[in-house]
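Down below is the structure, laid out as structure tokens.
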Amino acid sequence: MENLSTVTSFILTAYAELEDHKYLYFIFLLIVYFLILLVNAVLIAVICIERGLHGPMYLFICNLAVNGVYGGTSLLPSMLHHLLSNTYEISLSFCLLQIYCLHTYGAVELNILSMMSYDRYVAICHPLHYHQILSRRKVCTLITLSWSHAHILFGLFFILTVQHTFCDAIIEKVYCLNFTLLKLSCFEISLESMVGFVVASFALVPQLLMILFSYAQILRICLFASKESQAKAIQTCTPHLLAVINYGVGCFFELIQSRFKATHIPYKARIFMSLYFMVIPPVINPVIYGITIQAIRVQILKLFSGMKKLVIK
């Protein structure tokens, strides 16, 4: 092993497929990144400024928006840089940083969505005790747990990745992922694969069970409720369900294109599928909540009408 030549930077070869229209892709991704910052910043500002939006559901939505900015910023500035670069090279240290940020973004997203499903369960199944069950202290604890669980869980596993040296410099993607990087290691990665499976289980299974349990209980209540109550429950759950479905589609796309050799799918389509998970939810989620929840929609309209008056003056 002493003669191994270790790699300190990598080539993201997928950018070569985007060469023909790279300036068009640059403009598109720049607009997407601007939208991520804008729509999430508006949502965060409205919830923070308006005291009437400091309830449990809105605090979870605010954290979802913060995580959207975190995820988008972890990926898109790097992509914009590489689209204008001719080398498509990324240093090992920056690759590791990107891996940490993107994986923790995904874990935090699922954690918050699972907490929000619990919030909807309490709101519909125990409405009279809603504020007692979801007190300010408990909500802050759940939010802290959502972030700390993701960072601690992946951080402990990430230590194994950092200790590796790498003998291949070719990454066939437009960004770095942990599994992709480990495959380039100079050493056996069976231990890391096993530990990664355990970590993924802790990052996915409890959260999915929470979402399934919450909606199973909501469905049980709705089956015996009046049509008016059923309509109200559907209206209450729709934004969250859309966010969960959007997240699930992104996870499915990433699983298909990264774990299976979907050679029948065009390469550019596979690149888009790999980006969906990190790009679309941060854009769509704030729009979903801003449009479907009246209390937020009203405050956003007030904010923009106030800004319009200032501009006119």
Notebook entry, point to check: Among (1) touching a strand residue (DSSP E or B) at 6+ places or on another chain (Cβ under 8 Å); (2) of a type in the set (Val, Ile, Thr); (3) within 28 Å of Ala123 (Cα to Cα), which single condition is Ile90 missing?
Noted result: (3)
Note to self: Anything in the stretch 165-193 that is surrounded by fewer than 16 Cβ atoms within 10 Å (Cβ to Cβ), more than 21 Å from Glu17 (Cα to Cα) and either modelled with pLDDT of 90 or more or not aromatic (Phe, Trp, Tyr) (or both)? List them, or say none.
What the structure shows: Thr165, Cys167, Lys183, Cys186, Glu188, Ser190, Leu191, Ser193
Check: Which of (1) modelled with pLDDT of 90 or more; (2) under 23 Å from the mean Cα position of the chain (by Cα); (3) buried (at least 18 other Cβ atoms within 10 Å of the Cβ); (4) closer than 26 Å to Ile112 by Cβ does Val205 not meet, given it meets every other one?
Finding: (3)
Checklist line | Any chance Ser201 is under 22 Å from Ala169 (Cα atoms), without any contact (Cβ under 8 Å) to a residue 40 or more places away in the chain and either part of a helix (DSSP H, G or I) or touching a helix residue (DSSP H, G or I) at 6+ places or on another chain (Cβ under 6 Å) (or both) | finding: no
Check: Of all residues in the stretch 235-266, which are loosely packed, with under 13 Cβ neighbours inside 10 Å, of a type outside the set (D, E, K, R) and either at pLDDT 85 or above or in a helix (DSSP H, G or I) (or both)?
Finding: Gln235, Ile245, Leu255
Checklist line | Options Leu24, Leu53: the member that is under 30 Å from Ser91 (Cβ atoms) and surrounded by fewer than 21 Cβ atoms within 10 Å (Cβ to Cβ) | finding: Leu24
Note to self: All but one of (1) among the β-branched types (Val, Ile, Thr); (2) without any contact (Cβ under 8 Å) to a residue 40 or more places away in the chain; (3) more than 20 Å from Phe304 (Cα to Cα) hold for Val69; state the number of the condition that does not hold.
What the structure shows: (2)
Next item on the list: Could you tell me which residue of the stretch 182-198 is farthest from Leu102 (Cα to Cα), considering only residues that are part of a helix (DSSP H, G or I) and not polar (S, T, N, Q)?
Entry: Leu191
Next item on the list: Would you point out which residue out of Leu97, Leu84, Leu142, Leu128 is surrounded by fewer than 22 Cβ atoms within 10 Å (Cβ to Cβ), without any contact (Cβ under 8 Å) to a residue 24 or more places away in the chain and farther than 25 Å from Lys232 by Cα?
Entry: Leu97
Check: How many residues, within the stretch 157-185, are of a type in the set (A, V, I, L, M, F, W, C), within 21 Å of Tyr105 (Cβ to Cβ) and touching a helix residue (DSSP H, G or I) at 6+ places or on another chain (Cβ under 8 Å)?
Finding: 11
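The values are calculated or read from the model by the stated rules, or taken from the named source; none is laboratory data. Not measured: the values here are computed from a predicted model. Positions of Cβ are backbone-derived with ideal geometry, glycine not excepted, and every protein chain shown enters the neighbour counts.
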